[in-house]
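Heads up, the thing below is written out as structure tokens.
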Amino acid sequence: MATIEERLYEIIAESLSVEKDDIKSDSSFIDDLDADSLDVVEMIMAMESEFSTDDNDLEISDEEAENIVTVADALAFLEGKGITD
């Protein structure tokens, strides 16, 4: 099974139409990966879908989403919610 990081990179690549090789942990979604606000919303929704389970429905509030600026932020957020490999 893929790790959280691998799953996250797949979501980012698909949502933002970028190559996985272009994604780095310190990549800013807007500044480095050329996402616009709609792209980021779609990515957040994809994260909610991918990382929700029967026992834990992941919901990312607007305030939380505003703090997810980089790939590392997204990974830290998921880990902070108790999502593990």
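Laboratory data are not the source of any read-out in this text; all were calculated from the coordinates shown. Model, not experiment: these values are computed from the prediction. Ideal geometry is used to build each Cβ from the backbone, glycine not excepted, and the neighbour counts take in all protein chains shown.
Quick rundown of the values:
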quantity	calculated
Complete set of residues in region 26-41 that are crowded, with 16+ Cβ neighbours inside 10 Å and among the acidic types (Asp, Glu)	Asp39
Filtered residues of region 48-70 (kept if in contact (Cβ under 8 Å) with a residue 24 or more places away in the chain, within 14 Å of Phe29 (Cα to Cα) and in contact with a helix residue (DSSP H, G or I) (Cβ under 7 Å, 6 or more places away or on another chain))	Ala65, Ile68
In region 6-25, the residues that are touching a residue at least 24 places away in the same chain (Cβ under 8 Å) and either surrounded by fewer than 16 Cβ atoms within 10 Å (Cβ to Cβ) or hydroxyl-bearing (Ser, Thr, Tyr) (or both)	Tyr9, Glu14, Ser15, Lys24, Ser25
Of the criteria (1) more than 20 Å from Ile83 (Cα to Cα); (2) among the hydrophobic types (A, V, I, L, M, F, W, C); (3) free of Cβ contacts under 8 Å to residues at least 40 places away in the same chain, which one Met43 fails	(1)
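Rundown of residues vs (1) outside any loop (DSSP other than H, G, I, E, B); (2) within 13 Å of the chain's Cα centre (by Cα), yes/no style:
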| residue | (1), (2) |
| --- | --- |
| Ser25 | no, yes |
| Asp31 | no, no |
| Asp34 | no, no |
| Leu38 | yes, no |
| Ile44 | yes, yes |
| Ser49 | yes, yes |
| Glu59 | no, yes |
| Glu63 | yes, no |
| Ala76 | yes, yes |
